[in-house]
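Report on one structure; see the data block that follows.
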Amino acid sequence: MDYISTRNKSKSFKFQDVFIKGLADDGGLYIPKSLHKYSQNDLEGFKKLNYAELAKKIIYPFIDDFINEEHLSKIIDKSYSVFRKKDVVELVEVGDRSVLELFHGPTLAFKDIAMQLLGNFYEHYLDKANEKINIVVATSGDTGAAAIDAIKGKKNVNIFVLHPDNRVSPVQRKLMTTSNEKNVFNIAVNGNFDDCQNLVKAMFADKSFSGSINMSGVNSINWARIIAQSVYYFYTYLQTDNKKPINFSVPTGNFGDVYAGYLAKKMGLPINKLIVATNQNDILHRAISKGEYNVETVSETISPSMDIQIASNFERLIYDLNNHDDSKTASDMKDIKEKEKYNISKEKLKKINNDFLSSRMDEKEILKTIKDVYEKYKVVLDPHTAIGYGAFDKLDLDGNNIVLATAHPCKFPEAIEKAISLKSNLPKELMFILDEKEDYDMIDNNLEKIKKHIKARI
Ligand SMILES: Cc1ncc(COP(=O)(O)O)c(C=O)c1O
């Protein structure tokens, strides 16, 4: 499959470039030139497949020039063998809707589902490439742990993870800092998540530095992550009664996970609505409900992984809204960067609302949802999932309503205790990390100091 950048469609790229580089040189995001489409008949045929088999079918057309089908099959089996559920995810009925549990991987968040695959894609690439790669990634807590677990111990690849000091939960930090592997380097930055993200962006933009360390990135704009995430939308549809319309509510920050659902829809999956569910950092809710995309300051919440104002993957939707006009997309993105604002016309908003609705929850509402769901159904939702769950109470949608459960509640024990006075424990397989020795370096929010630190370790 060939790919282009959202800011310049005259140049084609192969999956290998798209995966290793993450971001196009012109600053745009990679997207496929065309998509494989599935008919209702194809979907009926998929019903007999288990999760891994379905993943092979959906992912292969996107990466057919990177790997052969047999090898992909082995990689997918290996990647999903580390999950605690045989079929990777689990669909659980909670009241009048279903919760799609995506947190049964090694680091208890949906990110494992894509990241385990990416780890094995790097291994496949490095087997033939005879080079060494240094992955540098910023995290608000979950991405770092998932990426470390996927990369730890692999040959010819190091991973450097920047997290904001004191702003990730102790469980999130333990999951990152206890790997005890020589190719894993944790850096606690004296700043917030945006500072970490800006440091990584600045390192990528400094071509002489990024070239000299053969830098690669695994953040949520990486196309490989999006395609791996689109699989669970197909899987869920195939598990449900297809006679009713299906709606997905997706706790959203960077617009990556919900974009994966939109991708599935574009491939022919008959999704009715995708709900973009935000916390009080609600730029996407304001955009999708009123057409107002204005950047405001980020506030800290009990759903920290969604404390984001610039939703990077939104650029992929803007490209579609611009009817695939790359120059218009480039100029819109320049405007957003300069003016921190994007005006969505009525016509574009109508187009958006064909596929997306949105909802927002403040801190009180999140705690109340966790409490209500626990009292009624004895199910503990993590704060991110609660935002997705509550969205269906705000929007009246008939059909099969599915909530994506993006993290295990034990990753956010303070919020759970505040809501229902209950200690949410780690699964027993992971209890041991609580006593493990942690390994990380504290560094100032200073680009030169961080670059020097990385250079000294490769
Ligand atoms: C637990 C959790 N929920 C939801 C999200 C939001 O996902 P996305 O950034 O793809 O919209 C994240 C991402 O960081 C997360 O860690």
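The values are calculated or read from the model by the stated rules, or taken from the named source; none is laboratory data. Because the structure is predicted, anything quoted here is derived from the model rather than measured. Cβ coordinates were reconstructed from backbone atoms using ideal geometry, including for glycine residues, and neighbour counts include every protein chain displayed. Each accessible area value is taken on the protein alone, full model and side chains, heavy atoms only, with ligands, DNA and RNA left out. Shrake-Rupley method; radii C 1.70, N 1.55, O 1.52, S 1.80 Å.
Applying a DSSP loop filter and a limit of 12 other Cβ atoms within 10 Å to the trypsin sites (Lys or Arg not before Pro) in region 126-174 leaves LYS155.
Estimated from the Cβ-Cβ distance and a Förster radius of 51 angstrom, the FRET efficiency linking GLU347 and PHE432 is about 0.35. The trypsin sites (Lys or Arg not before Pro) of region 214-297 meeting both criteria, a DSSP state outside H, G, I, E and B (loop) and at most 15 other C-beta atoms within 10 angstrom of the site's C-beta, are LYS243. Quarter the surface of the alpha carbon convex hull of region 80-174 and you get the mean projected area, 7.4 square nanometres. On a per residue basis, the chain carries 41 Å² of accessible surface, using protein heavy atoms and a 1.4 Å probe. Annotation: amide H-H contacts under 5 Å for SER358 (H modelled 1.01 Å from N, sequence separation of 5 or more, or interchain): VAL276. Pairwise over distinct Cα atoms, reciprocal of the mean inverse distance: report the Kirkwood radius of region 380-447 in Å, one decimal place. Result for region 380-447 stands at 15.0 Å.
For the pair LYS47 and LYS266, the difference between a 0.36 nm per residue extended length and the Cα-Cα distance amounts to 76.9 nm.
Using r as the Cβ-Cβ distance of LYS364 and LYS85, and R0 as 51 Å, what FRET efficiency do you calculate, to the nearest 0.05? Between LYS364 and LYS85 the formula returns 0.95.
Per residue of the chain, the DSSP helices (runs of n ≥ 4 H) give a summed -39500 (n - 2.57) that works out to -13000 deg cm²/dmol at 222 nm.
Calculate I(q)/I(0) for region 194-305 by the Debye formula, one identical point scatterer on each C-alpha and no solvent, and give its log10 at q = 0.12, 0.14, 0.21, 0.22 Å⁻¹ to two decimals. Log10 I(q)/I(0), no solvent term: -0.58, -0.75, -1.18, -1.22. Amide H contacts under 5 Å for VAL403: SER98, VAL99, LEU100, SER249, restricted to partners 5 or more places along the chain or on a different chain, H placed in the peptide plane at 1.01 Å from N. Across region 83-88, coupling constants 3J(HN,Hα) worked out from phi with the 6.51/-1.76/1.60 Karplus curve, θ = phi - 60°, read 7, 7, 10, 4, 9, 6 Hz, and Gly and Pro carry x.
Legend: Rg and Dmax of region 234-369, from Cα coordinates, 15.3, 47 Å. Listed values for region 121-136 are Karplus-derived 3J(HN,Hα) couplings in whole Hz (6.51 cos²θ - 1.76 cosθ + 1.60, θ = phi - 60°), namely 5, 4, 4, 4, 5, 6, 4, 9, 8, 6, 8, 10, 10, 10, 8, 10, and x replaces Gly and Pro.
Around the Cα centre of the chain, unit charges on the Cβ atoms of Lys, Arg, Asp and Glu (plus for the first two, minus for the last two) sum to a dipole of about 560 debye. Less than 5 angstrom separates the built amide H of ILE133 from those of VAL157, ASN158, all sequence-distant by 5 or more or on a different chain. Derived from the Cα gyration tensor, the three semi-axes of the equivalent ellipsoid of region 1-119 are 28, 18, 16 Å, largest first. Convex hull volume of the C-alpha atoms in region 326-394, normalised per residue: 139 Å³. Site pair GLU340 and LYS33 shows an inter-label distance of 4.0 nm when each label is modelled 7 Å from Cα along Cα→Cβ. Beta bridges from DSSP with both residues in the chain: antiparallel share about 30 percent, rounded to the nearest 5. Note on region 1-85: with charges restricted to the Cβ of Lys and Arg (+1) and Asp and Glu (-1), its dipole about the Cα centre is near 300 debye. The gain in end-to-end length when the ASP444 to VAL92 segment is fully stretched comes to 122.3 nm, 0.36 nm per residue minus the alpha carbon separation.
Charge dipole of region 31-154 (Cα centre as origin; +1 on each Lys and Arg Cβ, -1 on each Asp and Glu Cβ, all else neutral): 160 debye, rounded to the nearest 20. Does region 237-290 classify as rounded, prolate or oblate by the C-alpha gyration tensor (a ≥ b ≥ c root eigenvalues; a/c under 1.5 gives rounded; else a/b over b/c gives prolate, otherwise oblate)? In terms of gyration-tensor shape, prolate. Overall form of region 355-396: prolate. Here a/c, set by the Cα gyration tensor axes a ≥ b ≥ c, is 1.5 or more, and a/b is the larger of a/b and b/c. How much net charge surrounds ASP77 when only other residues with a Cβ under 10 Å from its Cβ are counted (Lys, Arg +1; Asp, Glu -1)? Summing Lys and Arg as +1 and Asp and Glu as -1 gives +2. Rounded is the label for the chain, because a/c, from the alpha-carbon gyration tensor with a ≥ b ≥ c as root eigenvalues, stays below 1.5.
In order along region 164-180, the Karplus-derived 3J(HN,Hα) couplings, from 6.51 cos²θ - 1.76 cosθ + 1.60 at θ = phi - 60°, round to x, 4, 6, 10, 10, 6, x, 5, 4, 5, 4, 5, 8, 9, 10, 6, 6 Hz, and Gly and Pro are given as x. When the alpha carbon gyration tensor of region 153-248 is reduced to an equivalent ellipsoid, its three semi-axes come out at 33, 18, 16 angstrom, largest first. Among the GluC sites (Glu not before Pro) in region 69-141, those located in a DSSP loop and surrounded by at most 15 other Cβ atoms within 10 Å of their own Cβ are GLU131. For the chain, the share of accessible area belonging to carbon and sulfur comes to 46 percent (1.4 Å probe, ligands and nucleic acids excluded).
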